[in-house]
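First comes the structure, then the notes that go with it.
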Amino acid sequence: LADPSNPDALNKVETLHPLLAPQLQISHDSFSDTDGLYWAIENVRLTITPPGRLKITPYFMSGYFRQQRTIAGQDSLVVALNQKIQRLGSTILGQGGGIGVEWAPNPHWAMGGEIGALSFDSPRTSVNGRAQLIYRPDAKHTLGATYIHRDAVFDAWTLATLAAGIMGDTALASYQQSLGEKLRLGVQGGLTRYSRGTDSRFNSSTQRRLW
């Protein structure tokens with residue numbers, strides 16, 4: 001505790017308290033498109049900041065996914081997937097949780113990651129994760145490397161992708177440069193590899209990413 005008679009110590013405590021106190025964050029994200037896909041994600045996160053430049057964030061999330069459109073084609077695999085979507089009422093619900101960790105041992109390096117599981121009523125359970133490494137050689141330049149493993153519905157935008165159990169593995173490299181106090185220039189690129197899904201007869205694919 002700060003000395004009540006020391007105003008500088010009291011000011012320091014007031015400055016540090018918001019940075020070190022547990023922080024609760026509740027968020028809602030949603031997406032819809034012209035193909036009739038709609039999804040909504042509710043996310044609750046509690047960030048704890050123990051000593052040692054460390055942040056620990058357990059989280060809980062729930063999701064709602066809906067799309068009336070089915071896949072065109074008469075292949076037996078496509079027909080079976082469309083029948084599965086119809087049995088589910090063109091809607092899939094999911095919920096789960098996990099934990100995230102961030103660590104910045106010094107001003108130049110920062111690293112973090114997240115691991116969790118989502119259970120769907122399709123029924124299926126998926127493991128989702130993210131890992132990131134950031135290097136700042138100076139105040140103007142930032143280099144980053146990111147790996148993401150998650151359900152492909154967040155990239156492919158179809159309920160069939162979720163019903164088929166297709167996952168995406170993404171590797172990204174990024175660079176940012178400060179051009180002033182309020183302007184930053186950045187570029188990011190990489191690859192995403194999509195799995196065959198829970199039915200191994202689906203073809204896997206690779207997509208390049210640059211932005």
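The values are calculated or read from the model by the stated rules, or taken from the named source; none is laboratory data. The structure displayed is predicted, hence computed values, not measured ones. So basically every Cβ, Gly included, is an ideal-geometry build from the backbone, and we count neighbours across all protein chains shown. Each accessible area value is taken on the protein alone, full model and side chains, heavy atoms only, with ligands, DNA and RNA left out. Shrake-Rupley method; radii C 1.70, N 1.55, O 1.52, S 1.80 Å.
Here the chain has 58 percent of its accessible surface on carbon and sulfur atoms, given a 1.4 Å probe and all protein chains in place. For Glu102, the accessible surface of its heavy atoms amounts to roughly 100 Å² (probe 1.4 Å, protein chains only, rounded to the nearest 10).
Extension gain for the segment Arg184 to Ser30, taken as residue separation times 0.36 nm less the Cα-Cα distance, is 52.7 nm to one decimal.
Our coupling estimate for the range 131-139, obtained by passing each phi through the Karplus curve with A = 6.51, B = -1.76, C = 1.60 and θ = phi - 60°, is 9, 9, 10, 10, 10, 10, x, 7, 6 Hz, Gly and Pro reported as x. Here Thr34 sits with roughly 140 square angstrom of accessible surface, probe radius 1.4 Å.
Largest first, what is the accessible-area ranking of Val127, Val78 with a 1.4 Å probe?
Details: Val127 80, Val78 25 Å².
Correct descending sequence by accessible area is Val127, Val78.
Taken along its three principal axes, the alpha carbon spread of the range 21-142 comes to 57, 30, 24 Å, from the longest extent down to the shortest.
Rolling a 1.4 angstrom probe over the protein heavy atoms with all chains in place gives the range 27-108 an accessible area of 58 Å² per residue.
In percent, rounded to a whole number, the relative contact order of the chain is 11, using alpha-carbon pairs under 8 Å and six or more apart.
Taken one residue at a time, the phi angles of the range 153-162 give Karplus couplings (6.51, -1.76, 1.60, θ = phi - 60°) of 4, 6, 10, 8, 6, 9, 5, 4, 4, 6 Hz. Gly and Pro are set to x. Largest first and in whole Å, the equivalent-ellipsoid semi-axes of the range 87-202 read 34, 16, 12, each the square root of five times a Cα gyration tensor eigenvalue. Max-minus-min Cα coordinates of the range 83-152 on each principal axis give 56, 19, 12 Å, with the largest extent listed first.
Counted by Cβ distance under 13 Å from Glu102, the other residues give a net charge of +3, where Lys and Arg count +1 and Asp and Glu count -1.
The reciprocal of the average 1/r between distinct C-alpha atoms defines the Kirkwood hydrodynamic radius, which for the chain equals 20.1 Å.
Rounded to the nearest whole Å³, what is the per residue volume of the convex hull around the Cα atoms of the range 163-203? Present the calculation step by step, with values, prior to reporting the outcome.
Details: hull volume 3.1 nm³, N = 41.
Spread over its residues, the Cα hull of the range 163-203 gives 76 Å³ apiece.
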